[in-house]
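Asker: Pasting a structure below so you can have a look.
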Amino acid sequence: MSLAVSVALAATAASAATTPDTPRPGKPKLFRDWIVACDNGRACEAASLAAGESMLQDVGLIVARDGGGRVTVRIRDLTGKAKTASVRVDGRTIASTPLDRDGEGEWQGASASALVAAIARGRRATLLTPAAHPLALAGASAAFRYMDDRQGRAGTTSALIARGTKRYRGAAPALPMVQVVTPPPGAAPAIPATAIGEARRRYRCVIDDGSPFSADAHRLDRRSTLVLMSCGAGAYNYLVKPLIWRDGRLSPASFDFAYHFGETPEPGQPEILVNVDWSRDGRLSSWGKGRGLGDCGDAQQFGWDGTRFRLLHAEQMTECRGAIDTLTVWRTRAVPVKPR
């Protein structure tokens, strides 16, 4: 997701949604052994969970329906051993698919809708790889009904579960456009050691937990440099505080939205990002794990607009119960622009 200042952008802006001042990502909702999230483009996903608290699934499902109504069911074998997978509901095999190298497969269209209907009314289900893995069904029907409601399809002929006789006449909302500066070529400037030392003290990153200290610098535009200052680590989360080097001083980077890791930063203190990654096209990513297995947490991706970082994409999984993936809660259309 990015940005661009051009005649082409002006021509498309009239039909696209304007970027809100503050993004409002969706919030996952739990229905017993299933969890659902819908994003700002009215796309929804429902993930199966292990029946027990803090338990895992060797194999799980995600039911997705985009804003245009296309249904997809994803299956993933987390053991990485299976070549094929089948879904069996109440003693009847409903669907089968080959799995790729990552242990993933999917169904689309009519076969996916039929599978969703079978799961919603089923009493017992098993995922076969060919080993048998129980699929918890408690809450599945309620989760799919929630998707129908959030997409405005409840009571229409296009609903997954809550069908009626009305014709669906809705449309997915346009995603907000966000301008993202493409970083200029060349190495980032060297940040003086005295400035780094002062920032460590001011922003409370003089920590003796045994983790190595780093302050990686990346060019954002012709005047601004991102400095990712390490600020402690745990068993599976490596923390950094993002700073901006500009006009000879370091200050906290601004964000239009960010999931807070721990407590909300005090005024004047930087955000904390986790397990960060910076890409050459100007994407700053953070992945805060809820536990070491990585089956829960917050994933965020940001882009620099020239003054602050904008949330481009966000995913969440609030239940640490073996979901096969996080659920998307915020999307945008990124438009690249040249650095100023």
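Asker: Could you tell me the calculated FRET efficiency between Asp281 and Arg123, based on Cβ-Cβ distance and R0 = 41 angstrom, to the nearest 0.05?
Answerer: 0.25
Asker: Taking the dipole about the Cα centre of the range 110-185, with the C-beta of Lys and Arg at +1 and of Asp and Glu at -1, give me whichever of Thr156, Leu137, Thr182 is farthest to the positive side.
Answerer: In the range 110-185, that residue is Thr156.
Asker: Calculate, for Arg101 and Thr72, the FRET efficiency according to 1/(1 + (r/R0)^6) with r their C-beta to C-beta distance and R0 22 Å; round to the nearest 0.05. Walk me through the intermediate numbers first.
Answerer: Numbers: r = 19 Å, r/R0 = 0.88.
Given R0 = 22 Å and the Cβ-Cβ separation, E is 0.70.
Asker: Further question: Of Pro173, Asn275, Trp34, which is farthest towards the positive pole of the chain's charge dipole, taken about the Cα centre with +1 and -1 on the beta-carbons of Lys, Arg and Asp, Glu respectively?
Answerer: My answer, from the dipole projection, is Pro173.
Asker: Magnitude of the Cβ-charge dipole of the range 280-340, K/R +1 and D/E -1, about the Cα centre, nearest 20 debye?
Answerer: Charge dipole of the range 280-340: 400 debye, to the nearest 20.
Asker: State the extension gain, in nm to one decimal, for the chain segment bounded by Ser214 and Ala188, taking 0.36 nm per residue of separation less the distance between their alpha-carbons.
Answerer: Full-extension gain reported as 7.9 nm.
Asker: Right, something else. Just to check I understand the Karplus step: with θ = phi - 60° and J = 6.51 cos²θ - 1.76 cosθ + 1.60, what whole-Hz values come out for the range 230-239, glycine and proline as x?
Answerer: Listing the rounded values in order: 5, 8, x, 7, x, 5, 9, 10, 9, 9 Hz.
Asker: Still on this structure, please answer the following. Please enumerate, by chain and number, the lysines with C-alpha under 22 Å from the C-alpha of Lys289, excluding those fewer than 8 residues away in the same chain.
Answerer: Answer for Lys289, where 22 Å is the Cα cut-off: Lys27, Lys29, Lys241, listed by chain and number.
Asker: Leaving ligands, DNA and RNA out of it, rank His260, His313 by accessible area with a 1.4 Å probe, largest first.
Answerer: His260, His313
Asker: Roll a 1.4 Å probe over the protein heavy atoms and report the accessible area of Tyr146 in Å², nearest 10.
Answerer: In the full protein context, Tyr146 sits at about 40 Å².
Asker: Taking 0.36 nm per residue of separation and subtracting the Cα-Cα distance, what length does fully extending Arg223 through Phe261 add? Mind dumping the intermediate values first?
Answerer: Numbers: separation 38, 0.36 × 38 = 13.68 nm, distance 2.88 nm.
This chain segment gains 10.8 nm when fully extended.
Asker: Of the residues Ala190, Ala51, Ala215, which exhibits the maximal mean-square fluctuation in a Gaussian network model of the chain defined by a 10 Å Cα contact cut-off?
Answerer: Comparing Ala190, Ala51, Ala215 in a Gaussian network model of the chain, the most mobile one is Ala190.
Asker: Can you list the trypsin sites (Lys or Arg not before Pro) in the range 225-288 that are in a DSSP coil and have 14 or fewer other beta carbons within 10 angstrom?
Answerer: Arg280
Asker: Could I ask something else about it? Before anything else, pin down the relative contact order of the chain: Cα pairs under 8 Å, at least 6 apart, normalised by residue count, whole percent.
Answerer: So the answer I get is 21 percent.
Asker: Please build a GNM for the chain, connecting alpha carbons under 10 Å apart, and tell me which residue among Ala314, Ala174, Ala193 fluctuates the most.
Answerer: Comparing Ala314, Ala174, Ala193 in a Gaussian network model of the chain, the most mobile one is Ala193.
Asker: Also, quick follow-up: In debye to the nearest 20, how big a dipole does the chain give about its Cα centre with +1 on each Lys and Arg Cβ and -1 on each Asp and Glu Cβ? Mind showing how you got there, number by number?
Answerer: On the way: 45 positive and 33 negative charges, 204 e Å.
Taking the Cα centre of the chain as origin, the dipole is about 980 debye.
Asker: Amide H neighbours of His313 under 5 Å, at least 5 residues apart or on other chains, H built in the peptide plane: list them.
Answerer: Result for His313 returns Gln301.
Asker: Here is a follow-up. Between Gln269 and Arg92, what's the calculated FRET efficiency when r is the beta-carbon distance and R0 is 51 Å? Round to 0.05.
Answerer: Given R0 = 51 Å and the Cβ-Cβ separation, E is 0.35.
Asker: Compute, for the range 92-176, the length of the dipole vector about the Cα centre, with Cβ point charges of +1 (Lys, Arg) and -1 (Asp, Glu) only. Units Debye, rounded to 20. Working shown, then result.
Answerer: Values: 12 positive and 6 negative charges, 119 e Å.
About 580 debye.
Asker: For the range 122-204, what is the relative contact order in percent, using Cα pairs closer than 8 Å and at least 6 residues apart in sequence?
Answerer: 13
Asker: Still on this structure, please answer the following. Working only with C-alpha atoms, what are the Rg and Dmax values of the chain, expressed in angstrom?
Answerer: Rg then Dmax for the chain, in Å: 22.5, 70.
Asker: Moving to a separate point now. What's the longest bit of the chain with no exposed GluC sites (Glu not before Pro), using DSSP loop states and at most 10 other Cβ atoms within 10 Å as the test?
Answerer: Numbers: sites that count: Glu53, Glu263.
Free of exposed loop sites, the longest segment is 54-262.
Asker: Which trypsin sites (Lys or Arg not before Pro) in the range 160-218 sit in a loop by DSSP (not H, G, I, E or B) and have at most 11 other Cβ atoms within 10 Å of their own Cβ? If you can, show how the numbers build up before the last one.
Answerer: Numbers: sites: Arg163, Lys166, Arg167, Arg169, Arg200, Arg201, Arg202, Arg204; in loops: Arg163, Arg167, Arg169, Arg204.
In loop regions of the range 160-218 (DSSP not H, G, I, E or B), the sparsely surrounded trypsin sites (Lys or Arg not before Pro) are Arg167, Arg169.
Asker: Which value in deg cm²/dmol, rounded to the nearest 500, describes the helix-derived mean residue ellipticity at 222 nm for the chain, given -39,500 (n - 2.57) per DSSP H run of n ≥ 4 and division by the residue count?
Answerer: The helix-only estimate for the chain comes to -3500 deg cm²/dmol at 222 nm.
Asker: In square angstrom, rounded to the nearest 10, how much accessible surface does Trp287 have for a 1.4 Å probe?
Answerer: Ignoring ligands and nucleic acids, Trp287 comes out at about 60 Å².
The values are calculated or read from the model by the stated rules, or taken from the named source; none is laboratory data. No experiment lies behind these values; they were computed from the predicted model shown. Every residue, glycine as well, gets a Cβ built from its backbone with ideal geometry; the counts of neighbours run over all protein chains shown. Ligands, DNA and RNA are stripped out before the accessible areas are found, and what is left, the full protein with its side chains, is counted by its heavy atoms. Shrake-Rupley method; radii C 1.70, N 1.55, O 1.52, S 1.80 Å.
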